1. For region 277-329: of the residues being aromatic (F, W, Y) and in contact with a Leu (Cβ under 8 Å, 6 or more places away or on another chain), which is farthest from K263 (Cα to Cα)?
2. Kindly evaluate T327 against the criterion of being assigned to a loop (DSSP other than H, G, I, E, B) and touching a strand residue (DSSP E or B) at 6+ places or on another chain (Cβ under 9 Å).
3. I want to confirm something. Restricting to region 279-321 and keeping residues that are β-branched (V, I, T) and part of a loop (DSSP other than H, G, I, E, B), which single residue is surrounded by the fewest Cβ atoms within 10 Å (Cβ to Cβ)?
4. Does L388 count as in contact with a Phe, Trp or Tyr (Cβ under 7 Å, 6 or more places away or on another chain), buried (at least 17 other Cβ atoms within 10 Å of the Cβ) and on the phi < 0 side of the Ramachandran plot?
5. Kindly indicate which of V81, V72, V101, V118 is within 28 Å of Y417 (Cα to Cα) and touching a Pro at 6+ places or on another chain (Cβ under 8 Å).
6. Looking only at region 285-295, decide whether some residue is within 25 Å of the chain's Cα centre (by Cα), small (G, A, S), at pLDDT below 95 and closer than 21 Å to M202 by Cα.
7. Cβ-Cβ under 7 Å, sequence separation 6+ or interchain: first residue in region 116-129 and under 15 Å from E85 (Cα atoms), partner among the aromatic types (F, W, Y) and surrounded by fewer than 21 Cβ atoms within 10 Å (Cβ to Cβ). Which pairs?
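The values are calculated or read from the model by the stated rules, or taken from the named source; none is laboratory data. Because the structure is predicted, anything quoted here is derived from the model rather than measured. Note that each Cβ is placed from the backbone with ideal geometry, even for glycine, and that neighbours are counted across all protein chains shown.
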Amino acid sequence: MLKKIILACVFIICAGTARAELKVDIIAGAASPIPVAIQKFEVASGAGARDAAMIREVVEKDLKSTGLFRIVNHDAFPEFVKMGEMPNFKSWMAIKTQVLVQSKLSMEDGKYKLEFYVWDVNGKEQIEAQSLVASKKSARRLAHIMADAIYERLTGEIGYFDTQIVFIAETGPIKNRVKRMAIMDQDGYGLRYLSDKKTFVMSPHFSPNMQSVVFLSYRDDDPMVWTLDLDTGAARRLGQFGGMNFAPRFSPDGKRIALSLVKGGITHIYEYDIESKTLRQLTFGNSLNTSPSYSPDGKKLAFNSDRSGRQQIHVLDLATGTEERITYGNGRYATPAWSPDGQFIAFTKMADDTFYVGIMDPRGRNEKILAGGWFMEAPSWAPGSRRLVYYETEKALDGIERTSHIRSVDITGQNVYDIELPDNVNGLEPTWSPKLP
């Protein structure tokens, strides 16, 4: 059912427009945000004024959340520019606006049609024009797609607003916590549960095509890897492997799943071929090997191992079987996560009684710490490889209760924010989805 709800027949028509050189430097974390003015939507007969206001608000929140854009105060607008008319650029320059967005919401064959133009005020030209069509129930998704289009035009990078996050929602007292798998939009909206209160679940991860989630389930007190079809809700156990298996991850092509399997008290990484239903062992020896993460081309696997005497990150070449240790810094390293563009590996680091989330290049060089705290883990990348989500648990003042937040941070280590969850819900083990189909 989920896929039917989120697809909603969304079509994008890009108009041929002039391409100015207005670009936002997303690497320069200290750069001043670009002022963006988003006009009140024109609303044609039959369209909903409330939905138009909601779409505008969501677009503004999406762009503001990046830290790259400043939303110009509506009260400061010097004029209202109708669709098809030219802005008075001098007036907008006077309030230091650099980007102006015009929009119109109308009804067409029983569906919403959202049109918008993006203007480079200093360049005095239109730099983007799009028309989006979707069902009324997908109005909020229209907002995220519009925000993605503006973000991509201004940064040259892949947007991440039209995405979702799957995670473990934890509720109840500390001695009787209930862990349920849940899914929500990347801004925390539309949370719904994917598992019941009876079964302990962990480590959810999306398939590349967004059709399913792979996760660890303790159903019937038997820790095994399962998949859940997001369209039908059907759950299926991956297989009988003769031991506890956990930490599953899909390969980039969706045809394989890497997982950890305990046999004879030793934990190794295996690869399961979904079509042939065969299992291949990838790591060997007497050490603990877990937390596999595929490179974007599917040719390598990052994982953590204690074979050197301390937990470190290694990279395995899947074609040759050769392994290389890539971390040598102070502390223990874990939960590697390869970025979608292949330029970084995110990690968790434990040193000096503090947990950190950081990034490094695939050779283990240029390590950069993005966040630190009492306990944090499970970094996961947004599409575009410019933002990470992770969870942080705050130290309990009473030594008993504790609160876990899902947080997001960009690769500069700046603009950290919490993704809002319902009251009394702790968020753990988040995984960011690819862009929705």
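1. Once the filter is applied, the top-ranked residue is Y294.
2. Yes; evaluated as a whole, the condition is true for this residue.
3. The initial filter retains those residues of region 279-321 that are β-branched (V, I, T), namely 283, 290, 313, 315, 320.
Then drop every residue that is not part of a loop (DSSP other than H, G, I, E, B), which leaves 283, 320.
On the way: T283: 23, T320: 8.
Per the stated criteria, the residue is T320.
4. yes
5. Being within 28 Å of Y417 (Cα to Cα) and touching a Pro at 6+ places or on another chain (Cβ under 8 Å) holds for just one of V81, V72, V101, V118, which is V72.
6. Residues of region 285-295 that are within 25 Å of the chain's Cα centre (by Cα), as a first pass: 290-295.
When the remaining residues are screened for being small (G, A, S), the result is 291, 293, 295.
Those still in the list that are at pLDDT below 95 too: none.
There is no residue in region 285-295 that is within 25 Å of the chain's Cα centre (by Cα), small (G, A, S), at pLDDT below 95 and closer than 21 Å to M202 by Cα.
7. Final answer for the pair search is V121/F89; K124/F89.
Let's see how each residue does on (1) within 21 Å of K277 (Cβ to Cβ); (2) loosely packed, with under 13 Cβ neighbours inside 10 Å; (3) in the same structural domain as R256 (by TED's automatic domain parsing):
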{"site": "H205", "(1), (2), (3)": "yes, no, yes"}
{"site": "Q211", "(1), (2), (3)": "yes, no, yes"}
{"site": "D220", "(1), (2), (3)": "no, yes, yes"}
{"site": "P223", "(1), (2), (3)": "yes, no, yes"}
{"site": "L228", "(1), (2), (3)": "yes, no, yes"}
{"site": "D231", "(1), (2), (3)": "no, no, yes"}
{"site": "A234", "(1), (2), (3)": "yes, yes, yes"}
